[in-house]
């Protein structure tokens with residue numbers, strides 16, 4: 001490592017999604033000289049193609065405190081990200097779904113989310129577009145959504161204002177870890193930095209592999225669809241007891257339909273494909289929940305990659321075995337939680353005590369290398 | 001659903017052909033003759049595509065050569081052993097477990113065709129160059145005008161300005177006159193002499209050249225003003241009385257400020273700027289594409305046997321590069337032969353393929369020359385005023401797109417996600433080419449670097465209820481709930 005301190009960054013972040021960008025911002029505020037490299041453009045991965053749902057009802061109990069704080073970031077960003085606080089209903093159509101709904105929502109309410117159980121009659125009185133087959137429902141007044149396509153431009157503006165260097169269309173081809181820092185090879189030449197944060201979403205495992213670290217990350221290929229604009233029929237964001245539906249009618253009148261139905265593809269090729277059969281099931285579930293969808297036209301379906309590890313808790317902390325390297329990925333509900341947990345990891349990098357505990361990535365290595373035994377320091381809040 | 005394509009259940013076949021125009025119909029007929037089980041899908045009620053479009057049961061105003069050729073093609077398709085799915089809108093194609101799945105919506109609801117091979121013969125789509133007022137009622141494309149006239153027997157207006165570039169100008173003007181309408185003027189971006197630059201390739205089809213000269217005579221005898229080297233800049237007024245302003249342009253497409261514009265009064269404007277390969281299916285399938293202005297722009301890459309770079313995927317006709325209706329059937333037959341060989345159903349050295357290839361190359365020369373004549377210089381794009389709407393669906397002006405480009409949008413996908421350009425019902429068909437040219441003009445990047453928009457299903461907007469069909473809630477295959 002021959003770079004002089006003059007052109008070396010204090011922190012290089014790989015990935016300009018919500019995680020990487022908000023971590024970079026906090027690090028810059030903390031006095032670091034920060035650069036973010038992005039293989040595509042800011043917010044072009046999961047941050048920009050997800051359904052934009054900001055629902056506390058679909059957050060995990062163990063992540064609720066993080067979700068409540070992340071939600072505040074979106075609320076404050078407001079119109080610039082298309083934030084809408086619409087309230088949200090989660091619906092059950094069978095007795096077993098109702099039991100699932102009541103169990104889950106009670107726990108989430110106890111974890112701090114302002115969720116109430118409502119009767120089907122009440123739900124339909126307030127939201128007449130809902131199916132008359134609803135047997136149980138919960139409501140969260142805070143729920144809503146943002147326009148995920150605006151995430152990237154918004155983050156880009158924040159990074160510029162904070163004087164964080166953002167190199168888009170810049171693929172990290174290889175990483176040399178030597179001496180007291182890192183040299184990342186990019187098409188525009190090498191970049192040197194004292195510290196490294198991998199916040200590369202679905203590509204996190206392949207970036208970590210450049211440093212010889214094998215992260216057991218699974219990638220899901222989530223499907224989202226949008227319809228043509230239609231007259232205003234639906235006000236609240238709609239979910240399903242199983243978490244397999246997100247549905248809202250956006251400000252322009254189009255319906256956005258998601259819920260994590262699986263397509264095909266892999267981050268290696270960068271190509272995700274819509275599976276015609278699962279798309280139909282997703283549309284059917286949406287149509288069943290909100291019959292007002294009848295005879296709207298589906299304009300477009302697409303997929304986004306979502307990374308996760310076996311326990312579905314985040315990787316947020318030191319990259320095991322590589323001094324001065326950090327990782328932030330696999331955050332379930334990462335769209336909502338990202339802008340809170342990103343800065344938390346930056347606090348760790350800045351040598352500050354994070355406000356809430358992080359999620360030591362060592363635990364996932366321990367699981368794979370020690371025949372299932374959990375590392376002593378693997379902490380999982382809420383369990 | 002996962003039956004082997006060779007097992008022979010309903011909905012499975014050796015080869016599915018998308019599009020029953022000249023290329024697709026020829027491919028299907030040839031594949032059937034080679035003993036393959038063929039499914040032919042088209043959105044229209046009968047075969048023929050755009051070139052030989054007709055209405056079943058309605059006689060043409062006057063018998064012409066296209067109608068006769070179209071009828072011949074239709075009767076051959078009808079006689080061949082082909083599983084025909086007309087009135088089917090294909091909304092998705094995907095490759096799963098060594099087969100292609102073609103999802104379509106037909107009169108009886110959704111249908112999925114499983115095929116070992118897929119021949120994409122979806123033809124071309126029209127290129128547009130925006131001008132002030134092009135989103136107004138009364139302004140339609142040349143291709144749309146031919147549909148109206150050929151299939152619906154409706155004139156776009158009584159007194160029509162026909163504008164743009166390329167041979168379709170004359171085709172539409174002649175059809176309007178034959179249908180009893182008046183052509184207020186033909187506004188042709190080409191200078192009068194541009195045709196001579198391609199004379200050598202044009203003489204490869206003297207019959208078609210003679211036909212074109214005949215059309216020009218028709219225009220002269222009806223006293224139709226021909227404004228060569230002009231482009232439409234503005235259309236205003238309402239459909240009872242539209243005012244179109246045509247401005248003179250140089251060879252690079254830039255307007256000549258010193259030469260006066262011409263005002264034309266009319267009740268309809270038909271405009272189009274040449275044809276581009278329809279790449280939506282091959283993009284969705286994930287095949288490799290290349291940008292070549294001589295072939296109409298972005299086209300799927302095929303080898304000499306019309307194979308794409310994905311297993312079991314073939315393309316024929318204008319979708320593989322605009323080469324015209326003469327080359328299309330030859331390419332269709334080449335593709336069908338390749339499918340038969342690749343599926344092990346025909347001797348790899350079978351005769352005939354070589355001759356077809358030579359014929360295809362010869363026929364393509366004429367089409368390629370026509371395609372080059374049907375293009376307009378970057379100046380025509382660079383001089384679009386800032387207030388002009390480029391993306392009609394999302395009502396985005398050039399100013400908005402330029403702002404996003406200056407803000408860092410370097411690819412068509414960047415521009416799409418930053419501004420929603422091309423995300424409306426037209427799926428970018430009207431605006432993507434212009435948007436990409438704006439990026440190229442402003443950044444100096446090549447069209448190859450700027451790329452195409454990622455292909456997404458549905459290929460055309462589809463009714464959600466028609467897709468969802470009737471279903472039982474309890475039968476929905478619900479995956480495991482998300483973790484608590």
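Of note:
- Degrees, to the nearest 10: A:151-161 long Cα axis against longest axis of chain A: 40 degrees
- The residue A:76 and residue B:222 beta-carbon pair, evaluated with R₀ = 51 Å, returns a calculated FRET efficiency of approximately 0.15.
- If the chain linking residue B:392 and residue B:112 were pulled fully straight, counting 0.36 nm for each residue of separation and taking away their Cα-Cα distance, it would gain 97.5 nm.
- Put the Cα centre of the range B:312-331 next to the Cα centre of the range B:213-271 and the gap is 32 Å.
- Each part gets one Cα centre, and for the range B:367-393 versus the range A:248-311 those centres are 35 Å apart.
- Full extension of the chain between residue B:361 and residue B:473 yields a length gain of 34.8 nm, computed as 0.36 nm times the residue separation minus the alpha carbon distance.
- One quarter of the surface of the convex hull around the alpha-carbon atoms of chain A equals 18.6 nm², the direction-averaged projected area.
- Every helix of 4 or more DSSP H residues in the protein assembly as shown counts as -39500 (n - 2.57), and over all residues that averages to -9000 deg cm²/dmol at 222 nm.
- On Cα atoms only, tilt of A:276-289 relative to the major axis of chain A in degrees: 50 degrees
- Axis of helix A:64-77 versus longest Cα principal axis of chain A: the two differ by about 90°, to the nearest ten degrees.
- Per-pair calculated FRET efficiency, R0 = 30 Å: residue B:449 and residue B:191 via Cβ, rounded to 0.05: 0.45
- The equivalent ellipsoid that matches the C-alpha gyration tensor of the range B:389-450 spans semi-axes of 17, 12, 10 angstrom, in descending order.
- In this simple spin-label approximation, residue B:303 and residue B:207 carry label points 7 Å from Cα along the Cα→Cβ vector, and these lie 3.2 nm apart.
- Compactness index (Cα Rg / 2.2 N^0.38 Å), the range B:128-273: 1.01
- Anisotropy class of the range B:16-141 from Cα gyration tensor, a/c 1.5 cut: oblate
- What the Cβ-Cβ distance of residue A:171 and residue B:407 gives, at R0 = 22 Å and to the nearest 0.05, is a FRET efficiency of 0.55.
- Between the range A:77-126 and the range B:65-136, the alpha-carbon center distance in angstrom: 44 Å
- Fraction of beta bridges assigned by DSSP in the protein assembly as shown that are antiparallel (%, nearest 5): 60 percent
- Computed lengthening from residue B:81 to residue B:261, 0.36 nm per intervening residue step minus Cα-Cα distance: 59.1 nm
Read the figures in this text as sums done on the coordinates, not as results from a lab. Just so we're clear, the structure is a prediction, and the values are computed from it rather than from any experiment. With ideal geometry, Cβ positions are generated from the backbone for all residues, glycine too; neighbour counts draw on all protein chains shown.
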